[in-house]
Each structure stands twice: as C-alpha cells, then as structure tokens.
Amino acid sequence: MPTRKYLNLLQQLAITQFKLKDQSAFLGFIWSFLNPLVMLGILFVLFSVRTGESIEHYAVYLLIGVVQYTHFANSTSRSITLLRSMKGLTADAIFPKEVLVLSAVIADSVELLVSMMICVLIAIMSGIVLSGAILLLPFVWMLQLLLVSSVSLVLSCLYVFVRDVAHIYQAFLRVLIFITPIFYDMSFLGDGAGRYILLLNPLTHLINFSRTLIIEGRPFSVEASMVLLLASSLLLFCSFKIFKHYEPTFAENV
C-alpha cells in the first residue's frame, strides 16, 4: 500500500476509534480521567505522610506518575483483544492489520496529551515555575507512544493464538505498579536489587523525564534519553517484524 494511502487510513481509523471510545457512557470522554484521579486520591492519602514528606511537590509528583502509568496500562490492555473484536477487518487478506493496533494507540494518546497538560496546569497552580525545558515534554510523549505501540503489537498478536494472555497481562500490570516509581522515588529502595529492577523498567525513565521537566525545571539527561530512544525504536522494529510474520495466520485463528 502506498505510504500516503497508508497514513490516511491510519488517520481515519484513529479518528474513528477515538470517537467510538466511551460513546455509550453519559459523561463520555470525562470518564477517561476519573480512574487516574481516584487512584491519585487513594495513593496521596496513603503515602503523602511518610513516603511523600521527603519529596517536593508530592501531589504533582504523584499525579505525573499516575497519569503515565494509567495511559500505558489502559492503552496496552485495550489493544489485546483488538484484532479479535474487529475480526471482519482482521480476516481481510489485503487489509494491513497493524493499522488497527496503531490507530487505537494513537487514539489513546489524546488522553495522555490532555492529562499531561492538566499536570502542567496543576503544577503552575501549585507554585512551580516552569522553564524552557518544558518544551521537551513532547519528546517524552513520543517515547511513551513508541513503547505502548511495541507492547500493543506483541500483545494483540499473542492474543490471537493464546486467549490467556489477557489474564496474564492483567496480573503483570498489578506487579508493574509496584516496580514503577509512582508513589515513591528511587532513593526509597536504596542500593539493593530493587533499584536495578526499576532501572530496567522503561516507564521509570519516562516518568522521571516528565518530573525533571515539570517539577525541577531542567532538561533530562541527553545520554539516557538517547539510549531509551534507541531501545524503544529497536523494540518497535522487532515487535512489528513479529506481528507481520504471524499476520497471514490471523484470519484462521480469530
């Protein structure tokens, strides 16, 4: 398929999937923000006294972590059953199946952008003075989009053949919330093995990048960002290759 037609198809599907999200709910798009707000409230009440007392602007610190984790968890979870729920298009021999997954990821990214802008506004209201470093925030969004796309392609592909993937992934997300520095900082774990587990988690770096830009008002490490960009790009390439390798067998398994 020519590149221009491919991009137009991706754009139209992303718009369609965004419009279909929560269309049956009375509050529609607003529901997308209730989950992170409820999670924020619970975590703030539980951890602000002890864990948060050593962290400056803990409410904003916590909000950034909750928003980015929630976007990752929700977007990747929704992608799992996508090929099966749209089996009419999945069974089409000509239609590029990855477009279904990538368009859903793009549609979900709108929530991330809006939520992060709300984080910035709350930061300003909390007395945080923003600097020019905030202009690097779209780069963090791009990195998160690469990560979500990679995971979504693999999960959607696996689910076609193994239905238990959905349950296994939900269990994984329950563990992920504790090995991602959402309500605590890196120093909380000291220099033990837990610290190295956090460093292997790409969400750790994405969330810390945003906190550095918004709360500390300075650019994040160029070296760290380039390593993460390279790793995310390589992961997306491998995920795409795996997806395309198994794509011809999707029709007979959905």
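The values are calculated or read from the model by the stated rules, or taken from the named source; none is laboratory data. The structure presented is a predicted model; accordingly, all values stated were derived computationally and were not measured. Ideal geometry is used to build each Cβ from the backbone, glycine not excepted, and the neighbour counts take in all protein chains shown. SASA here: full protein model, heavy atoms, side chains in, ligands and nucleic acids out. Shrake-Rupley method; radii C 1.70, N 1.55, O 1.52, S 1.80 Å.
Just a few scattered comments:
- Test for residue 245: is it touching a helix residue (DSSP H, G or I) at 6+ places or on another chain (Cβ under 8 Å) and free of Cβ contacts under 8 Å to residues at least 40 places away in the same chain: no
- For residue 158, the test of being modelled with pLDDT of 95 or more, open to solvent by less than 20 Å² (accessible area, probe 1.4 Å) and part of a helix (DSSP H, G or I) is failed.
- In region 162-175, the residues that are touching a residue at least 24 places away in the same chain (Cβ under 8 Å) and closer than 17 Å to residue 78 by Cβ reach residues that are surrounded by 11 or more Cβ atoms within 10 Å (Cβ to Cβ) and among the β-branched types (Val, Ile, Thr) with C-beta atoms within less than 7 angstrom, at least six apart or across chains, in these pairs: 165/80; 166/80; 166/81; 169/80.
- Yes/no for residue 107 being assigned to a loop (DSSP other than H, G, I, E, B) and either in contact (Cβ under 8 Å) with a residue 24 or more places away in the chain or crowded, with 20+ Cβ neighbours inside 10 Å (or both): no
- Per this entry, residue 186 is counted among residues that are more than 30 Å from residue 245 (Cα to Cα) and under 21 Å from the mean Cα position of the chain (by Cα).
- Qualifying residue in region 79-96 (condition: modelled with pLDDT under 95, closer than 23 Å to residue 20 by Cβ and of a type in the set (Lys, Arg)): yes
- Test for residue 188: is it out of contact with any Ser or Thr (no Cβ under 6 Å at 6 or more places or on another chain) and surrounded by fewer than 21 Cβ atoms within 10 Å (Cβ to Cβ): yes
- Residue match in region 207-218 (condition: more than 19 Å from residue 122 (Cβ to Cβ) and of a type in the set (S, T, N, Q)): no
- Across region 110-155, the number of residues qualifying as open to solvent by 30 Å² or more (accessible area, probe 1.4 Å), touching a Leu at 6+ places or on another chain (Cβ under 7 Å) and closer than 29 Å to residue 56 by Cα comes to 5.
- Test: residue in region 71-78 that is over 19 Å from the mean Cα position of the chain (by Cα), at pLDDT below 95 and surrounded by 17 or more Cβ atoms within 10 Å (Cβ to Cβ): no
- Residues satisfying the stated conditions in region 211-254, i.e. open to solvent by less than 70 Å² (accessible area, probe 1.4 Å), among the hydroxyl-bearing types (Ser, Thr, Tyr) and farther than 29 Å from residue 61 by Cα: 239, 249
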